[in-house]
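No value in this document is a laboratory result; all are computed from the given coordinates. Given the structure is predicted, the values throughout are model-derived calculations rather than measurements. Here the Cβ is made from the backbone with ideal geometry for all residues, glycine too, and neighbour counts use every protein chain on show.
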Amino acid sequence: MLAALRDRLSQARHVLVTWDGGCAPDALQHLVSEAQASVAAGGRVAVENVERLVLSAHAASSFDAVLLGLAAGSIAVHCADVLAEVARILKNGGSVLLQEPVDPRGAAGTDWLRSPSQLSSALTLSGLTEVTQVLQGPLSPQQMDGIRGRLGSSSSDVASVTMAAKKPNYEVGSSRPLSLSRRPIPVKPSADPAAVKLWTLSANDIDDEDVDLLDSDDLLDQDDLKKPLPSSLRAGGCGEGSEKKRKACKNCTCGLAEELEEEKTKSAAPRPAASACGNCYLGDAFRCASCPYLGMPAFKPGEKVLLNPGQLQDA
């Protein structure tokens with residue numbers, strides 16, 4: 001662990017160390033001393049409680065490295081908010097070294113203890129890259145006491161894992177113009193002159209005497225020349241129903257719609273009035289008071305006489 005710590009802090013000038021309630025003061029002091037001895041010349045180490053890290057006023061991109069849970073006795077489980085804050089305060093290309101208790105088999109029976117793969121995914125989702133597992137081993141007796149008190153059981157399926165990650169060399173929301181390669185426009189290949197001449201046709205290339213033209217009438221047989229029956233032209237459903245209640249389809253093109261409309265017009269035409277007494281043709285002297293022919297001259301029996309509909313009144 002010390003070798004990995006010195007290797008990652010050799011170029012760092014500003015390092016942040018976090019601690020939690022499970023850390024002993026002397027263990028925290030020892031970690032800070034090791035970090036101070038590993039940083040570059042003139043570098044400094046800041047210390048922050050992990051539970052207060054989100055509330056701190058650290059500027060963005062202000063630390064070269066962040067050490068999470070490396071103090072002896074630490075049992076901190078770093079939530080998504082803490083990891084996102086670490087990604088914010090890290091400089092581009094900065095390093096993270098994290099240690100926390102995990103459940104290697106994912107069966108510790110708790111919703112706050114993650115497996116190593118879940119911890120790796122959490123680091124990736126926070127915006128960090130190059131996530132690698134550095135070390136995995138058993139917890140110290142002090143850490144086991146703290147885990148058992150938090151779990152409320154004596155589960156032994158708990159270990160300590162150390163992971164390293166980096167912040168990408170860009171900030172969230174940054175932009176960069178794309179360098180598109182300018183490829184030359186491909187030149188259309190030239191066609192073979194012989195092939196072009198073969199597939200080119202003009203009016204001068206055709207001699208009517210050498211061309212056999214087909215008569216369109218020869219393509220028709222006797223069945224094609226027969227006039228189709230109107231019923232064969234009707235679409236499905238057109239004209240269905242009884243003789244008195246035939247109906248044309250919505251888009252009728254066979255003439256049934258016009259035929260039915262003509263029949264309807266004829267049925268609505270006024271019928272000639274019938275004589276009740278049989279003396280209507282003799283004139284007004286022989287006609288009854290309700291005769292529809294009153295006021296009209298006499299006419300011969302059987303002669304067609306049309307009445308004005310305005311002259312017809314109820315008796």
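What the Kirkwood sum gives for the stretch 2-166 is a hydrodynamic radius of 15.9 Å, with every pair of different alpha carbons counted. Loop-located chymotrypsin sites (Phe, Trp or Tyr not before Pro) in the stretch 8-113 (DSSP state not H, G, I, E or B) with no more than 14 neighbouring Cβ atoms inside 10 Å: Trp112. Between the beta carbons of Ala60 and Ala159, assuming R0 = 41 Å, the FRET efficiency works out to 0.75 to the nearest 0.05. Length gained on full extension, Lys300 to Lys247: 14.8 nm, using 0.36 nm per residue less the C-alpha separation. Extension gain for Arg13-Ala289 works out to 86.5 nm (0.36 nm per residue, less the C-alpha to C-alpha distance).
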